[in-house]
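What follows is a set of notes on a single structure, which appears directly below.
Laboratory data are not the source of any read-out in this text; all were calculated from the coordinates shown. What you are looking at is a predicted structure, and each value in this text was computed from that prediction instead of being measured. Glycine also receives a Cβ, built like all others from the backbone with ideal geometry; neighbour counts cover every protein chain displayed.
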Amino acid sequence: MDGVPAVPSSTAGRPLLVALHGWLLSGNLWQPLARQLEPRWQLWTPDLPGFGHHPRPRGLPVSLASYGRWLAETLQRQAPQRPIVLIGHSLGGSVALHAAPQLGPQLKGLVQIAAGGGVYQPRPFSLVRRSGALFLKLRPSWMARWPGLEAIQAPLLAEVHAARGLLACSTRRAAVRQLPCLAAQLTVPSLWIAGSRDAVMAPRYVRHLAGYCRGHQLAELEGAGHLPMRQMPERLAELIEAWLNESLELTGEAAPPQSATSPFSCRSASRA
């Protein structure tokens with residue numbers, strides 16, 4: 001995995017955007033969006049451990065909490081002085097929520113794309129786990145070595161243990177019900193983006209989870225599916241950049257912590 005890049009002169013003084021891909025994908029997912037935002041904004045698009053070309057380090061447990069901790073520790077070690085804005089897609093949005101409280105004042109904002117949930121659904125989640133396990137068993141992994149298949153390489157490269165473990169973890173009752181609590185504890189501006197035609201993460205689930213986050217902004221991309229960074233990168237970049245300019249101008253530093261009288265708490269969120 002490539003480390004956190006050096007700061008180019010064109011983005012000096014601006015936060016580093018750290019984009020986290022979803023299940024079975026890789027950092028290459030973000031290339032079209034990166035081309036739209038650069039050179040004004042710098043994106044770091046790492047492969048999560050066990051996905052893409054980044055092997056899972058020995059001793060790294062396969063859980064959302066562990067991956068969030070890995071991300072926070074990596075940023076604090078490699079870019080300790082840089083302000084950060086996390087951008088999470090789908091399951092990568094859950095990793096971002098776990099990493100956010102560990103980044104402290106270094107975190108300046110959070111963008112969530114097709115990332116929602118917080119409502120446990122036993123039968124649909126059981127079906128997702130079975131379908132995912134079947135795909136991992138039957139996928140033609142040998143095709144990943146073929147030239148010219150870079151666009152579909154990521155699902156073929158994913159480590160079985162990492163892919164199966166994160167899918168199982170993210171669909172467990174406790175993990176699903178923890179998401180509203182993590183969203184409610186955010187102390188930075190957040191933007192939640194849903195695709196109107198997203199068949200994987202319907203807009204109502206994005207709205208539900210975003211609703212736990214105080215002072216959030218919500219946007220729905222008309223005609224977008226689950227991968228707007230691929231389908232309409234220019235429109236997505238315009239939306240994110242407008243929010244970044246507005247939020248950073250309005251807040252400057254990270255927003256103040258929520259007060260003790262906040263209507264959201266771990267206990268009430270866990271029942272959502």
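Some observations on this one:
- ³J(HN,Hα) computed for each position of the stretch 51-61 - Karplus, 6.51 cos²θ - 1.76 cosθ + 1.60, integer Hz, glycine/proline x: 10, x, 9, 9, x, 6, x, 4, x, 7, x
- Length gained on full extension, E234 to M143, computed as 0.36 nm times the residue gap minus the Cα-Cα distance: 29.6 nm.
- Computed from backbone phi with θ = phi - 60° and the Karplus coefficients 6.51, -1.76 and 1.60, the 3J(HN,Hα) list for the stretch 140-145 is x, 4, 4, 6, 4, 7 Hz; x is used for glycine and proline.
- Here the Karplus relation 6.51 cos²θ - 1.76 cosθ + 1.60, evaluated at θ = phi - 60°, turns the backbone of the stretch 228-238 into coupling constants of x, 5, 9, 7, 8, x, 5, 5, 5, 5, 4 Hz, with x for every Gly and Pro.
- Backbone N under 18 Å from the R172 label point (7 Å along Cα→Cβ), restricted to the stretch 83-99: 91-92, 94-99
- Prolate/oblate/rounded call for the stretch 1-118, Cα gyration tensor, a/c under 1.5 rounded: rounded
- Top of I87, I240, I193 by mean-square fluctuation, Gaussian network on the chain, Cα under 10 Å: I240
- Rg in Å to one decimal, and Dmax rounded to a whole Å, for the stretch 1-46 via C-alpha atoms: 10.8, 34
- At R0 = 30 Å, FRET efficiency that the Cβ-Cβ distance of A6 and E249 yields, to 0.05: 0.70
- Cα gyration tensor, the stretch 84-127 - rounded (a/c under 1.5), prolate or oblate: prolate
- The stretch 9-270 - charge dipole about Cα centre, Lys and Arg +1 at Cβ, Asp and Glu -1, debye rounded to 20: 1120 debye
- Semi-axes of the equivalent ellipsoid of the stretch 9-270 are 27, 22, 18 Å, computed as sqrt(5λ) over the eigenvalues of the C-alpha gyration tensor in descending order.
- Full extension of the segment from R58 to E241, taken as 0.36 nm per residue of separation minus the current Cα-Cα distance, would add 62.1 nm.
- Beta bridges from DSSP with both residues in the stretch 9-270: antiparallel share about 5 percent, rounded to the nearest 5.
- Under-5 Å amide H pairs with L20, H placed in peptide plane, nonlocal only: I87, G88, H89
- Cβ-based charge dipole, the chain, positive-most Cα from V188, T11, W142: W142
- Between H161 and F135, the contour length at 0.36 nm per residue exceeds the alpha carbon distance by 8.0 nm.
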